[in-house]
Every structure is written in C-alpha cells, then in structure tokens.
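Heads up: the structure comes next, in structure tokens.
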Amino acid sequence: MLEELKRFEAEVDTALKGVKDPEGLEQLRLRFLGRKGRINEFFKRLGRLPVEERPKVGKILNQLKARIESTIASRRSELKEQEVPRIDLTLPGRMGWVGHPNPLSLVIDEIIDFFVGLGFTVEFGPEIETDWYNFEALNIPPYHPSREMFSSFYLGDELLLRSHTSPVQIRVMERKGVPIRFIAPGPVYRVDKFDATHSPFFYQIEGLYVDQEVSFAELKGDLEAFAKHIFGESVRVRFFPSYFPFTEPSAEMSISCPICQGKGCRVCGDSGWLEILGCGMVHPNVFKSVGIDPDRYQGYAFGLGAERIAMIKYIIGDIRLFYENDFRFLDQFR
Amino acid sequence: MRLSFEWLKELLPDLSLDQTLDLLPRLGFGVEEVIDVGIDRVISARIKKITPHPRREGLLVLELRADQDYRVVTGAKNLSPDDNVLLALPGALIKGREIGVEDFDGIKSEGMLLSEAELGIVDEAEGVIRLPPKVEPGQWFNDLFDTKIIDLEITPNRGDCESILGISRELAAVTRGNFSPPKLRPPRLKSGPRIGIEDPDDCPRYTGMVIEGVEVGDSPFPIKWRLFHHGIRPINSLVDITNYVMLLLGQPLHAFDLDRIRGGIRVRRARDGEEIVTLDRTRIGLNREHLIIADREGPVAIAGVIGGMKAEIDRSTRRILLESATFNPEVVRRATRGLLIDTQSGRRFERGCDFAMPPLAAEYAQRMIKGRPESFTDLKVPLRRKRVSFDPKRIGRYLGIPIKKREITTILSALNFRVREVNHRLVATVPSYRRDIDSECDIAEEVARIYGYDRIPSRLSRGAQVGTIPQELRMIRRLRSILIGLGFYECRCFTPISKDALETFGIGPGVVIKNPLNERFTHLRTSLAPSLVEVLSTNYRNGNLDVRIFTIGKVFQPDSPRPKEEDFLGLLVGGRTSPPHWSGDERRWDFFSLKGVLELIARHLTAEELQIADDPIPMFDHYSARIVLGGKKVGIIGQLAQRILTRFGIKEPYYFFEVDLGRFLLRMEEPIYIPYPRFPKVRRDLAFIVDESISAQDIIKAIRQLGGPLLAEVIIFDRYQGGGIPAGKVSLAFRLTFQPQERTLTDPEIKELTEKISSGIELRFRAKLRDKEVDVGRTQDFGGEDR
Ligand SMILES: [Zn+2]
C-alpha cells in the first residue's frame, strides 16, 4: 500500500499543477478529498492492514491529506488572482512635479564652491550704499572720469544703489581686518541699456585676498584655475592690462572661447577670445581708506558678472532670459 | 577713440598692422574693431585737356593722366587743365554703387570724378575734389590716404594716450624701433597779448598766440578725410588745423577771432546769471561752477569744453588769438557733466593733458596756419616734475617675478622716465604727460605692462585659511533645494519696479530712484508680489496655468536715515498641484495647500512656532492674513485680489505668501542627537464642539500647554459643521499623541491627562467634549513626526 500511496501522490501533484480553472480544481478536490474520494478509500482500506502497520500508514495518510488540502487552497487563490481584469502596466505612473533652479543660481553656487575650496569665505553687503563705500573709499574721487564706468542710480545725495560689489571689500576689511580672503556675490545696479547684452541689474561676484605676500602671480594662478574649473581643462586664459581705480596693476582676463575652441564664432565675435572678468592688485589707497598699512600688506581683487559666465557656459544669447523666468527657459536647468 | 593706422605709421615707419593689433591690447588698449575705410579702384589723376561734348550741352570731355590715359565725360564745373582730381575707375564702389563704363552720346566715359559728398564727408559738395598740386597722378587712393581706422578703448586714466603721439610713444616703448615723433619747440615771439587768470588752480597754464593776416578757407582733402575718420567734422581750414593738432598731440586748441574780442581776455569763473551762446548755437546759463574765457563784455568760451559764437572763426577772420592751455580736469568735468556737453576737447581735459604741451602745440599749429605770428603769452604756475621713489624688490614681490633693478630701469627709460638710484631705492622722474603715475604700485603696472602680463607666471595661492560657507547661505541653499524638490521654479527678478505696480498692489510709496532708467524701474519694491505676478503673467500668457514659483531677494522700505533692505522669500501658486493623470486624480492649489508649504518650510528651517493672524491686506481677496513668528509679524499670506489679476488678464485664483527671511530663518543650532524614546506612543482622539469664531490655532496651542511634555503631537483630523451640530458651532476632532520618555504610561495616567485637557479646553473655549474619548490603541510605532 505504501507503494500505491507514492504513485497516488505523484498523480495528485501532476493533476493539481495542470488544472486551469476553479471548476477543474473543485472536481479534483471531490475526486481526492470527497466523501467517495481516493483518500477516504485509502482510510477504508486501512482496517485491512496488519495492526502493527496501521499507525505508520495512518500517519502518512493524514500528512498526505493535509498536503493536498493546502495545495488546493493555494492553487485556488492563484487561480482567483488570474481572474482580475488585466491592467496595462505601461501606463504612466502617478507623480508630482520637480522644480527648476534659475541658471544664475547654478553658476553662482558653482563659483562660490570653487572659491570656498580654495580657502575663501563668503560675505554679503547692502545693496543701498553711500558714496563713500561705493566710490571714495575705492579711490574714486568725485568728478573722476572713471565714475562713468560705474554710473549709478541715486536714492538721495549720498545714497545710491551699489554699482559694483567692491564696497563689500571696504566693509569687510573694516570689520575683520587683514589677512582676509573672501568672495561677495550679489546684485548690482548700473545705468545701462536693457537689451540682449546689457542689463541695469545684474549679479556680480567680488573676490578679495589680502596677505603679506599675495602677488600678481597668485592672482593669475587662482583665476586661471577658476576658469578651468568652470569651462573645462582645455580652456586657455590671457591677461591684458586694464584700468580700475581700486586696483593697480589692473587686468582683464579673457578665456579662449569654449564654444568654438578659439577658432572664432558668433559668440566670441570671431576673435576666439572672451573677456570674462576684471581684476588687479589692491590699490594702496584702498588699504589706506580702511587704515591698513599698504607697506605691510598686498593683495588681489577681482569682480565678475554671473550672467556673463552663465551666458558663455550655457550658450544663452539674451541676458533678459534670466529675469523673464519663462518656464520654457527654466525647464532646461536642473 | 578712433585712430588711423597710416597716421601712426608716419611716426613709426617699421610698424605693421598685425603687429600693432597684437601690441595694443598687451599695452592695455583694447581694440574694439578695425574699420576699413579704403576705396578700391580710385586713383589720382591730372587733367590734361578739357573739351566740350560735341553733342551734349553742359557736359565736358576730359583727357586725364593717371596710371594710363583715360577719357571721362563729366558735368562738373570750374575745372582747369593740370587740376589733380580723384578718378573712380570702372569697378569702384561709390556709395554702394558700382562705377561702370558709360556711353554719353557716342563718347565712352571710363570713370567718374569724385566729390566730397560721394565720399560721405559732407552732405553737399560744390565741386569735385581737388588734390594738392604735389600729388603725383597714377597713385591709388588706398596708398595715398588713411584706410585702416582702429577703434581703441582708452581707459580714463590714460588721457595722455588720446592722441597719435601718445599711442605711438607706447608702441615705441615696446618695439624700440624707429620712432620719429613730430618736431616740437616753443615759439619765439615777442610778448603779448594781455591775459589774466583768476585762479591758477582752475587753470595752471594758459598760452595765447596772436596771428595776423590769416586766410581762412577750405582744408586740403587729405586733412578733411583724416579728420572725418577721427570723428571730427571739417569746418574751415583754421578750425580744422586746431583739431588736427589735437588729434596728433592730444592738446586741445581753440582759436578766437581777435577782432571780435573786446579788451584783453581773462580766465575766470562765470558769474551767476551769465550766458553764452555756444558754437552749436545753444544758449547756456552759467554759474560759479563754470570756468570761462571772457573778454570785457562777457564769456567767449566755456574753458576747455566749447567755444562761443561771439568770437567764432569764419571766412572773414583776419586776426586770431590761438589758445593752448591746461585746465583743471575736475573743473572741466563739472562743466561737461553739469551741462551735458560732450566734446573731444572736454574729454581730453577731464582726463588730464600734458602740462608741458601748450606752447609746443601752439607753435606746431602756427606752422600749419597761413598768417604772421605776432606775439605770444605763456602764463603758468611753476612746473614740478613728479618723482616716485620705490623699492625695486617690492616690485618683484608685487608681481611675483624675480626682476632685476637693471631690467626695471630699462623698462622705465623706454617709457621716458628718468631713473636714479638712491640708497638701494630707485627714484623715477615721471614724464610730464603721465598724470596717472603717483606711487610704487603705478610703477609696478608700468613694469608689468612692458615686461608682459603673459610672462608673469601663474601660481595657485596657498592660503592658511579654511574656506567656509556661512550659515545664512547654507540655510538659503537648503530652502531653495526643498522648494525645488517640491516642484517650484526658482525666479530671479529685478528689485526696481514701476510706480504703477506699487499702486496696483497697494504696497506703499516705495523707495524712489532719483534717476530711473525708464518708467518700468522707478521705485525699489516693497514686496515680492509684483515681481512674482509678472512671472506668473509671462507664463500664463504662454498657456502655463499651473504655476509654482518662488524668488528670494531684497525688499526695501523707506526709513531714515536710509531705507531698510531685507531678504525675503516670496512664493506664488495656482492651478493643479500635480500633472494631469489618467486615473483622474486632481487637486488644485488653494489657500490651505499654500499654507501647508509655509508650515513645511517653517518646520524644517525655523525654531519658533508659526502663527496666522487674520488681517485685510490690499493685495488679497477672501483669504488674507499676516504670518507671525515668535510674536513678530514676518510676512503675509493670502489669495491675490482678482482686481490685480484681471489687470494681467488672469481669471483663475492664485495664492501668494512672502516672509522676511532674516526673521524666518532663525539661527539653527547644530543638531545634537537625543536618544529616541523606547516606550510606546499612546494616541487618543478628542472632539469638541466650539463656537466657529474660535481659531483652531488657539485651541491647539492650549492643548499643547495642558498636555505638557508628554504630549508629542496634536493634529486636527476632522472638522465638521451641519447635522447634529448647532448653528454657529463647529466640531473639531483632535488626535493627540503622547510619548513617554522614561516608562510606559499606565491607563489611569492617560485617562487623567486626557481629562485634564478636555476639561481645560471646555473651560477656556466654552467648548463641549463631543464623544467619550476613543482608545485607538497602543501602537508599536516609534517613528513619525515628533512635534
Ligand atoms: Zn567662439
């Protein structure tokens, strides 16, 4: 009988595996477990066995019955699941929106992070300034022709909207003294046209590094590393003499056009070079205006426009796009 | 400044254009562009024979010699044999038109004689151009005249370079090749005329030369062509010479008609109420600010800026007073700024002119003027040459290069400094024209320019300081990334707005900009709402009605002695809260969804508890409140007034809040980990019926107080009005979560606490506990929000 039970077990497994629908399963259940089913048949035949074999075979028979019951139950729930109407899983998921940063923030953050990595801290200053901080302390006396380079919006006789971030140099040196090393990002205001390449409102990033031995060579080294960080290792830089009242010597830094690799294109006006920032060694008169001895300290300063950097980096042809905040523009930055 | 390459080359014969364009930027002069003004296929020609056209009246047939013989038919008048003219040959482009061979009744004309009008120098010309007799026929126009005009950017410190001489001096210092500057010498004439100077501070040097028997006519063509391409309109031979000398030497000159001057002249400040009619026929009122040249009767010129009509040179002029002077740059600038007069003379004087130049320039001009020089007066304060003493080692330290004393001396000598050594220091005597050189750092720049910026090495700095991002910036960055994560667009907006916007939004008088660019940017904003509504409007017009935007920026308030400026966060929402989905789920932004954003960022970024206080605010409809933090008003929140949105053509509701970040993002401490509680939370729900005028925020606050430290969280999970609730009342259901720190709470303890809370609320708010408390069971949940 044990042999027979083994064969029966195999038969049950095959049958249950092969069943396709709940009706077939019910028929199998009646056939195996019903009152006149096979299991009951085996139990009936149990009485005919020798007394000493009965408990052993009875136990096996009970285990088999339990196994068939549980297999049927699990098959039943499997078949039930298959009954649920089919859903197209390729339909789109349910989700919210994710926002977008203004590209100016991306560029400003990247610049801040670069200089912080170089050992700079970050400082801020007011947007409403006095003539002293915006001009005189920076070696720009009244009626100096260089005031034209920074033509300002006035709120009163002495109050104006800062026309560059350089006043932060004065404020921070007054507050913290030297040595010092920081950058100062923020909006500045200039009386200028508002068209594709000019804006009366823009973001500037000022840098100042003062110590006893900071030289023009460090100015070149740090700003060259900056240019390569922002525009890629293959970018070349050049420094040309320039003029700012608060630096001497003064320079302008140009980079090889990253768009055409210096071959000449519309963006660089076919020159292959793009001017990106002004810089120089801090003028001794600036140190004097904050009571620092220019014979003991020297340093460099620079100022750059965030829009200009972003326009080159992302090939944006119109400065007004930054302030329109059109979603079709912002959608492209993440 | 515009400057012709050919003129430069007269002083620097070895120079090529490419070399010039390479050197100028290295010296600090940015090249804006090079304009080619040359004309191809135009040649100098000499008239050999003139005959009338056999069949056409008024036309002449000319036989000309140039590189070969030509025959030209012309209608020009007053031609004589041996006249030198400019002949445009077939193929030449004149005023955009190509010259061809034309047939005039059987006679072929092989070109055209050019007039000044055809070259654009004057609007109307009387006849064809006559070249000076010494010009040989058969020379191409482009070999005779200026063709390459370099547009240079000259920084305001280099007034000395606003001339051919100035730029050529700079180039000569680096090329060290042939340099033949104009020969300059002081005049040797008898003394006179009478000149007075009121204040030598205003006018440190004034020279006047009297020239008699002058003849004023038309300038020769080459001078006119040259002036025209340096931005100066040719006037007459005399005025043209003064301008020509200014372009060459950088010294502005002015000629007065001496017969129109009454008495001697005096350089003095104008008296209030004095007037002058300038050469451009403008009447200008003067005052004590203005320095003038005056005769006995009154002003004849605004010193260094513009001459007066009264003593104007014209073709009848016979005697002149030629002025060559040095004026105080600041005084000149006050005049050009104050009177808004921009002249080439004013531009040079306000940048500072060479103190040594006035007599030399006068003499140079006199040599060009047809007439008899009579007398010369030179009034000046004693001339002191500047000396700069410097440490040559410091120059090397400043530039980061090892440079020897000898090289520094060589460089400075090339720039016409005289250098002496005094006790290991060098003393440089500065050329009279370099008004920009005052100290050691100026010397460093001179050395660097000639040494070459390119040759200075690049070294990454090694600072001892560690770079840090300040807390306030870290907070702003966190805020930005949370909002972007929540689906918001970050906007950057102008802080100036229009007066109209201030009025529309009802946000006060604003801070007035005294010299606004235009009517769009007249005031500094006092709220971020106008900025964000403009962004809304831009995108709405493009069909984006689902809007989630924020901006962080300055907001200003009028105050004394200066306006206040504060960093604000502004946020605007409207439309759907998530993209349309096939399942049909859809929510739209409303006041409470916006408030949820505010609460969420407050929970993340501030330490204080957020409160809302109803308050009618002009820019809001329906929902309008102030945001209160720690008892202070820090912002506003509400639904934007339909009256405002309608102005932008917007029909749907949009919601806005703004907060003062200075007060909102309070300094957060570094987190210190507190072991989280290991004992189970207990939740109890309590529902009260209260008067609908009572604010939920006050009840929550009271429950927190009553619950004490064990009460971890209170939320409102149901609000109900209607069936079963008396009119004017509302049912509010609160879920309280108790979190013991030290042991498991017993049932009697929980019961005692909830009873204390419910009776307290009933008493304080005249509320009625609605149901018996419901035990929602102990949970094994240790996580979740702990507030
Ligand atoms: Zn390019």
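The values are calculated or read from the model by the stated rules, or taken from the named source; none is laboratory data. Computed from a prediction, not measured in an experiment: that's the story for all the values here. Here the Cβ positions follow ideal geometry from the backbone for every residue, glycine too, while neighbour counts run over all protein chains shown. To get the accessible areas, we keep the full protein, side chains included, count just its heavy atoms, and leave off ligands, DNA and RNA. Shrake-Rupley method; radii C 1.70, N 1.55, O 1.52, S 1.80 Å.
Tabulated results
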{"quantity": "Residues located in region B:123-167, provided they are open to solvent by 40 Å² or more (accessible area, probe 1.4 Å) and closer than 30 Å to residue B:350 by Cα", "calculated": "B:148, B:153"}
{"quantity": "Every pair of residues 6+ apart whose Cβ atoms lie under 8 Å, when the first sits in region A:260-285 and is touching a residue at least 40 places away in the same chain (Cβ under 8 Å) while the second is β-branched (Val, Ile, Thr) and part of a loop (DSSP other than H, G, I, E, B)", "calculated": "A:267/A:259; A:267/A:315"}
{"quantity": "Residue among A:194, A:201 that is aromatic (Phe, Trp, Tyr), touching a residue at least 40 places away in the same chain (Cβ under 8 Å), away from the ligand (no atom under 16 Å from the Cβ) and open to solvent by less than 10 Å² (accessible area, probe 1.4 Å)", "calculated": "A:201"}
{"quantity": "First in region B:735-763 and in contact (Cβ under 8 Å) with a residue 40 or more places away in the chain, second anywhere and of a type in the set (Lys, Arg) and open to solvent by less than 30 Å² (accessible area, probe 1.4 Å), Cβ under 8 Å, 6 or more apart", "calculated": "B:735/B:684; B:736/B:684; B:737/B:681; B:738/B:681; B:738/B:684; B:739/B:681; B:750/B:684; B:754/B:684"}
{"quantity": "Test: residue A:157 is more than 25 Å from residue A:319 (Cβ to Cβ) and surrounded by fewer than 19 Cβ atoms within 10 Å (Cβ to Cβ)", "calculated": "yes"}
{"quantity": "Boolean, residue B:593 is surrounded by fewer than 22 Cβ atoms within 10 Å (Cβ to Cβ), closer than 30 Å to residue A:126 by Cα, more than 10 Å from chain A (Cβ to nearest Cβ) and out of contact with any strand residue (DSSP E or B) (no Cβ under 6 Å at 6 or more places or on another chain)", "calculated": "no"}
{"quantity": "Checking residue A:304 against (1) more than 16 Å from the ligand (Cβ to nearest atom); (2) within 11 Å of chain B (Cβ to nearest Cβ); (3) assigned to a strand (DSSP E or B), the condition it does not meet", "calculated": "(2)"}
{"quantity": "Hits in region B:66-93 (condition: in contact (Cβ under 8 Å) with a residue 24 or more places away in the chain, open to solvent by 30 Å² or more (accessible area, probe 1.4 Å) and not in a loop (DSSP other than H, G, I, E, B))", "calculated": "B:71, B:93"}
{"quantity": "Residues being without any contact (Cβ under 8 Å) to a residue 24 or more places away in the chain and under 23 Å from residue B:348 (Cα atoms) - total across region B:11-44", "calculated": "1"}
{"quantity": "Residue check, residue B:336 in a helix (DSSP H, G or I) and at the interface with another protein chain (Cβ under 10 Å from one of its Cβ atoms)", "calculated": "yes"}
{"quantity": "Any hit, region A:209-219, residues being open to solvent by less than 40 Å² (accessible area, probe 1.4 Å), touching a Cys at 6+ places or on another chain (Cβ under 9 Å) and facing chain B (nearest Cβ under 9 Å)", "calculated": "yes"}
{"quantity": "Hits in region B:455-464 (condition: within 7 Å of another protein chain (Cβ to nearest Cβ) and either open to solvent by 70 Å² or more (accessible area, probe 1.4 Å) or charged (D, E, K, R) (or both))", "calculated": "B:459, B:460"}
{"quantity": "Residues of region B:200-227 satisfying the condition of being open to solvent by 60 Å² or more (accessible area, probe 1.4 Å) and closer than 30 Å to residue B:269 by Cβ", "calculated": "B:200, B:201"}
{"quantity": "Count of residues meeting criterion [assigned to a loop (DSSP other than H, G, I, E, B), away from the ligand (no atom under 16 Å from the Cβ) and open to solvent by less than 10 Å² (accessible area, probe 1.4 Å)] in region A:233-247", "calculated": "1"}
{"quantity": "Leading residue by the ranking (surrounded by the most Cβ atoms within 10 Å (Cβ to Cβ)) among those in region A:90-115 that are under 21 Å from residue A:300 (Cα atoms) and touching a strand residue (DSSP E or B) at 6+ places or on another chain (Cβ under 7 Å)", "calculated": "A:115"}
{"quantity": "Residue in region B:228-245 that is part of a strand (DSSP E or B) and assigned by TED's automatic domain parsing to the domain that holds residue B:301 present", "calculated": "no"}
{"quantity": "Number of positions in region B:526-548 that are part of a loop (DSSP other than H, G, I, E, B) and within 12 Å of chain A (Cβ to nearest Cβ)", "calculated": "5"}
{"quantity": "Verdict on residue A:297 being of a type in the set (Ser, Thr, Tyr), more than 16 Å from the ligand (Cβ to nearest atom) and within 11 Å of another protein chain (Cβ to nearest Cβ)", "calculated": "no"}
{"quantity": "Test: residue in region A:160-169 that is open to solvent by 10 Å² or more (accessible area, probe 1.4 Å) and either closer than 29 Å to residue A:295 by Cα or assigned by TED's automatic domain parsing to the domain that holds residue A:305 (or both)", "calculated": "no"}
{"quantity": "Residue in region A:313-324 that is more than 16 Å from the ligand (Cβ to nearest atom) and touching a strand residue (DSSP E or B) at 6+ places or on another chain (Cβ under 8 Å) present", "calculated": "yes"}
{"quantity": "Residue B:495 being at the interface with chain A (Cβ under 8 Å from one of its Cβ atoms) and at pLDDT 95 or above", "calculated": "yes"}
{"quantity": "Answer residue from region B:638-656, given it is in contact (Cβ under 8 Å) with a residue 40 or more places away in the chain and more than 37 Å from the chain's Cα centre (by Cα) and is surrounded by the most Cβ atoms within 10 Å (Cβ to Cβ) among those", "calculated": "B:638"}
{"quantity": "Qualifying residue in region A:40-48 (condition: of a type outside the set (Asp, Glu), outside any helix (DSSP H, G or I), open to solvent by 90 Å² or more (accessible area, probe 1.4 Å) and outside the structural domain of residue A:312 (by TED's automatic domain parsing))", "calculated": "yes"}
{"quantity": "Filter result (assigned to a loop (DSSP other than H, G, I, E, B) and either open to solvent by 30 Å² or more (accessible area, probe 1.4 Å) or modelled with pLDDT under 95 (or both)) within region A:127-152", "calculated": "A:139, A:140, A:141, A:142, A:143, A:144, A:151, A:152"}
{"quantity": "Residue selected from region B:397-445 under the condition more than 34 Å from the chain's Cα centre (by Cα) and assigned to a loop (DSSP other than H, G, I, E, B), by the criterion surrounded by the most Cβ atoms within 10 Å (Cβ to Cβ)", "calculated": "B:417"}
{"quantity": "Every residue from region A:249-290 that is among the hydroxyl-bearing types (Ser, Thr, Tyr) and in a loop (DSSP other than H, G, I, E, B)", "calculated": "A:271"}
{"quantity": "Residues of region A:248-279 satisfying the condition of being more than 12 Å from the ligand (Cβ to nearest atom) and either on the phi > 0 side of the Ramachandran plot or at the interface with chain B (Cβ under 9 Å from one of its Cβ atoms) (or both)", "calculated": "A:248, A:249, A:250, A:251, A:252, A:275"}
